[in-house]
Structure formats: structure tokens, C-alpha cells
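Step one of this worksheet: look at the structure below.
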Amino acid sequence: MAKKLRFQSPTGMHDILPEEQYYFQRINKVSEHIAGFYDFKKIDTPILEDAELFSRGVGLSTDIVQKQMYVLKTRGGDFLALRPECTAPIVRSFLQHGMFNLPQPVKLWYFGPFFRAEHPQAGRYRQFWQVGFEILEEKSSVVDAQMIQIFYNILQELRLKNLIVEVNSIGDSQCRPYYKKLLTSYLKVRESALCLDCKRRFRKNPLRVLDCKDEKCQQIKSQAPQILDHLCDECNHHFKEVLEFLDELELPYRLNSHLVRGLDYYTKTVFEIFSDVNPDKKNAANGSQVNEGMTSLAMGGGGRYDALAKLIGGRDVAAVGGAMGVERIIQAMKARRIKFAEEASAQIFIAQLGNLAKRKSLKILEEFRKEKITAAETFGKDSLKFQLNKANKLGVRYVLILGQKEALEKTILIKDMISGKQDTVKLDKIVDEIKKRLKRR
Ligand code: AMP
């Protein structure tokens, strides 16, 4: 057996190898395109933030803050956290840069790495990438629906099918405290039957019990009082409108009264999007989150967070947003064997034979680059057979061959790989000639 190398990537953190980059680029590109259509502007925030931003914003009792945050103490004694999510940093940035003075709403999107000290398992990493969208300073329910539509559109553009949107409302500071009380009394008499995690959750944040996937808690959950029956008039009206917009958009959604999303900052609408990754039942054991009997994988989620800005900056900012996991999307794409046509490869290949030819080829390559014609080469290899084979594999239409004789005569050979025809052209005319031929195609 091969000896294990001394240095490996840290547990739960992975290299994004060239073949994976292709998926990342695709997801980024589709997101960028959709962001442009809906007029979102890109934002990047630092990888590190004041740890208190998350303990205040995301919430002290949440799993993210309690168990999953990487916190480091700086030499100066500050506590910084590797960002576990991006909503709190974006609201921090919105407040810090006075974006409330910009025309409202402010629409922002991001694509970057996040960090959570999770138990490593398939589909769950300690460093993972998210693409996210936020609409700030907008309280209308129409943007809640639009946010869901945006995520749905991205996944559809990536050709993921059988998408399921789950929605719920978790109320606001008017109605949630009362519901929490109801739920607490319901759970209190059943506490001994809860799973270990829920025994802890129940004291700090009873809503999280509704989110539990443990077998033990399912029966208790199913008979628990439902928040939708206890929303205040405003939240009820808001949620009704969101559902009407979703109906209008013909988005396939279902109500999930157990969806709570686990973060303190959410108010009113919450949603999650799942993709069925097991259409042919071949990929069942894929680390997938099983959802009501179906092998579906959580692509992303989000919701409204009207209370967050006040928690971290003392100012009310109505907002809605969400994020999707890039590795999860890739997992779903792979499970569905989604492949895209290769990006346009090289348009020409430059083959060379002999020292003088090699020197001249280097220069020709630069001329093509300036003209934005993509050219492939293997200048390190001298065998013409190898070079032609490579050109063949790349599927380029024109191979330029520069041998010793051509180099001395200041000419070059163009071989059309489809017709097999060969023409000799003056070296200083080659770029123009190729431009002409490429235009003709
Ligand atoms: P959350 O806001 O925590 O629901 O995260 C949004 C999405 O990010 C999830 O639906 C997943 O697709 C993805 N995600 C969250 N945590 C991880 C993780 N540890 N590893 C990989 N993807 C994750």
C-alpha cells in the first residue's frame, strides 16, 4: 500500500482541482448572468470578521456560533472568526458604508468560501463555497418570492431537475414569542423522549427541535403546534402574499411547517431548495439529506431577516436573502450526470521542428495571443508525430507546421485537419491568413 503522505489538505477542506474548476466556473457564470439580469451588484467581504458580528447577528444559541465557528485571537487580542456565512458580513458592510443612502433596495450577490467546523461527511465540508444574494431595505413580500425564483432559476439553468422549494413563515417579534411559549410547554412534557441534541436545543431555542432529523423526535414534531396557526396579522398577510406570488410564478413549492432554518436573524419567510439527486436510485448513499422519503439534497436556503441590522447596527433594515452551496450543486449535477459541452478549445495548433523553428514559433504564438486567437502548442516536445497527435486530440481545425526548411524560407505550412489540405504561406502573413479562415467558418 502506498505510504500516506505527511502533508494532506486539512480535514474537511479540499483542493479544487482543475477538473472541478470547470463546475465552479460554470456555476459562477450562470449566477453572474442571473445576477446581472436582476440588477444585483457583486460584493466581496473579508474572510475574517469580528467574531461578535456572528454571535450577535447569527445568534449565540445557534449551532454555527456554538459549535462551528473557527475563532482566532489576534496578537492585539481581538477575536476574529473565519466567516461561517455571509449575510451578517453584508449587513455589516451595508451599514458601515452607508449604503442606506443609495437608491433602495440595494441588491448584492457574492461567491466565495465559508468555514464551519462540521463533522466531515460526504457533502459537508469545513471549507465550502456558497453563492448568495441579498436584497436590502425592501419590506415588500414580492422580493421574498423573487429571491426564491432567482435560486430556482440558477439551478434550472444548470439543468438540475426535480427541484423542490419548501417555504414557511417563522413570524416576527410580535408573534414568535407567544408561539415559542406554546411550543416550549408542548415539548416540556415530552422532553425525556427527545434526542440528546434536542434536549439541549429545547432550552436555548425550541424552534430548532422542529428542524431535527433524528428518528426519535419525528413523532413529537409531527404533533407539535404549528407556527402558521399562530402568526400575527401582519406576518400572516405577508406570507399569504408570498405564496400568491409563488403561485403566479408557477414555482413548485410546498409548505413545511417544520422549516425554521436555525439562525436567530430570520423573520417571516424562510425557504429551502432541494434537488432530487436520485432519479434512478443509483446514488442513494451519497451523504444526501433525506427528505420525506426522497433522496434529496439541500441546495440552499434563506429567508427574510428584518431584525438583523438592528442586532448588529442599531438600525432597522428590512431585507431578504439566501445562499446555495456550490459543492452541493456540483454533487447534484454529478449525480444527474450533467455535463456541458467543452469550452471552446484552441483554434489552432503550432507544431515546430528544429531549433530555429522553435524560436520563431514562440514569437508567432505571441502574435496570435495579441489577435485573441487561441493557440495550443507543446513546445517542450520535438517529435512531430507527438505534436500532431496532440493537435488531433484537441480537435483543432488548423495546424501550423514550422520546420527547419520553412524557418529558413520564412514560410509556414497550414494543415487543414478536416480536408487534409496543406498550404504554404509567408510567415509574416500567417496571422492574417488564419484570421480570414476562421472568419469564413
Ligand atoms: P445554510 O444557510 O447553512 O442552510 O447553507 C446554505 C447551503 O450551503 C446549504 O443548503 C448547503 O447547500 C450549503 N452548505 C452549508 N453548510 C455546508 C457545509 N458544511 N459543506 C458544504 N455545503 C454546505
query: Can you name the condition, by its number, that Val165 falls short on among (1) outside any helix (DSSP H, G or I); (2) modelled with pLDDT of 95 or more; (3) open to solvent by 10 Å² or more (accessible area, probe 1.4 Å)?
result: (3)
query: Any residue at all in segment 253-260 that is surrounded by 15 or more Cβ atoms within 10 Å (Cβ to Cβ) and not in a loop (DSSP other than H, G, I, E, B)?
result: yes
task: Output the number of the condition that Asp382 fails; it satisfies all remaining conditions of (1) open to solvent by less than 30 Å² (accessible area, probe 1.4 Å); (2) in a loop (DSSP other than H, G, I, E, B); (3) farther than 30 Å from Gln104 by Cβ.
output: (1)
message: Being within 13 Å of the ligand (Cβ to nearest atom) and open to solvent by 40 Å² or more (accessible area, probe 1.4 Å) is the filter here; which residues of segment 129-155 pass it?
response: Trp129
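Please tell me if Pro105 is closer than 19 Å to Met147 by Cβ, at pLDDT 95 or above, open to solvent by 30 Å² or more (accessible area, probe 1.4 Å) and assigned by TED's automatic domain parsing to the domain that holds Lys310.
Details: closer than 19 Å to Met147 by Cβ: yes; at pLDDT 95 or above: yes; open to solvent by 30 Å² or more (accessible area, probe 1.4 Å): yes; assigned by TED's automatic domain parsing to the domain that holds Lys310: yes.
Judged against the criteria, Pro105 is a match.
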statement: Output for Cβ contacts, cut-off 8 Å, separation at least six or different chains, first residue within 27 Å of His119 (Cβ to Cβ) and touching a residue at least 12 places away in the same chain (Cβ under 8 Å) in segment 9-22, second in a loop (DSSP other than H, G, I, E, B) and of a type in the set (D, E, K, R), reads Pro10/Arg126; Thr11/Arg126; Gly12/Glu118; Gly12/Arg126; Met13/Arg126
- prompt: Among all residue pairs at least 6 apart or on different chains, which show Cβ distances below 6 Å where the first residue, located in segment 68-93, is assigned to a helix (DSSP H, G or I) and the second is acidic (Asp, Glu)?
  reply: Pro89/Glu49; Ile90/Glu134
- prompt: within 23 Å of Ser141 (Cα to Cα), modelled with pLDDT of 90 or more and exposed (fewer than 13 other Cβ atoms within 10 Å of the Cβ) - does that describe any residue in segment 214-236?
  reply: yes
Near pairs, Cβ below 8 angstrom, 6+ apart or cross-chain, from segment 312-335 (in the same structural domain as Tyr266 (by TED's automatic domain parsing) and small (Gly, Ala, Ser)) to any residue that is away from the ligand (no atom under 14 Å from the Cβ) and assigned to a helix (DSSP H, G or I): Gly313/Val91; Gly313/Arg92; Gly313/Leu95; Ala319/Val91; Ala319/Ala309
- request: Among the residues of segment 328-352, write down those that are more than 30 Å from Leu297 (Cβ to Cβ) and modelled with pLDDT of 95 or more.
  value: Ile348, Phe349, Ile350, Ala351, Gln352
message: As an exercise: evaluate Glu366 against (1) surrounded by 14 or more Cβ atoms within 10 Å (Cβ to Cβ); (2) modelled with pLDDT of 95 or more; (3) out of contact with any helix residue (DSSP H, G or I) (no Cβ under 7 Å at 6 or more places or on another chain); (4) not basic (Lys, Arg) and give the number of the one condition it does not meet.
response: (1)
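Residue under question is Glu244, and the condition is that it be closer than 27 Å to Ala298 by Cα and without any contact (Cβ under 8 Å) to a residue 12 or more places away in the chain; does it hold? Lay out the reasoning, then the answer.
Values: closer than 27 Å to Ala298 by Cα: yes; without any contact (Cβ under 8 Å) to a residue 12 or more places away in the chain: yes.
Answer is yes for this residue.
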Given (1) within 16 Å of the ligand (Cβ to nearest atom); (2) surrounded by fewer than 21 Cβ atoms within 10 Å (Cβ to Cβ), number of the condition Gly301 does not satisfy: (2)
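Only one residue in Glu32, Glu52, Glu20 is surrounded by fewer than 20 Cβ atoms within 10 Å (Cβ to Cβ), in contact with a helix residue (DSSP H, G or I) (Cβ under 8 Å, 6 or more places away or on another chain) and acidic (Asp, Glu), so which one is that?
Working: Glu32 fails: in contact with a helix residue (DSSP H, G or I) (Cβ under 8 Å, 6 or more places away or on another chain); Glu52 fails: in contact with a helix residue (DSSP H, G or I) (Cβ under 8 Å, 6 or more places away or on another chain).
From the options Glu32, Glu52, Glu20, the qualifying one is Glu20.
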- request: Would you confirm whether any residue within segment 118-128 is at positive phi, in contact with a helix residue (DSSP H, G or I) (Cβ under 8 Å, 6 or more places away or on another chain) and either within 16 Å of the ligand (Cβ to nearest atom) or not acidic (Asp, Glu) (or both)?
  value: yes
message: Would you confirm, using the coordinates I've provided, whether Lys410 is at positive phi, in contact with a strand residue (DSSP E or B) (Cβ under 7 Å, 6 or more places away or on another chain) and assigned by TED's automatic domain parsing to the domain that holds Lys358?
response: yes
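The values are calculated or read from the model by the stated rules, or taken from the named source; none is laboratory data. Source: prediction; values computed, not measured. Backbone-built Cβ (ideal geometry, glycine too); neighbour counts: all protein chains shown. To get the accessible areas, we keep the full protein, side chains included, count just its heavy atoms, and leave off ligands, DNA and RNA. Shrake-Rupley method; radii C 1.70, N 1.55, O 1.52, S 1.80 Å.
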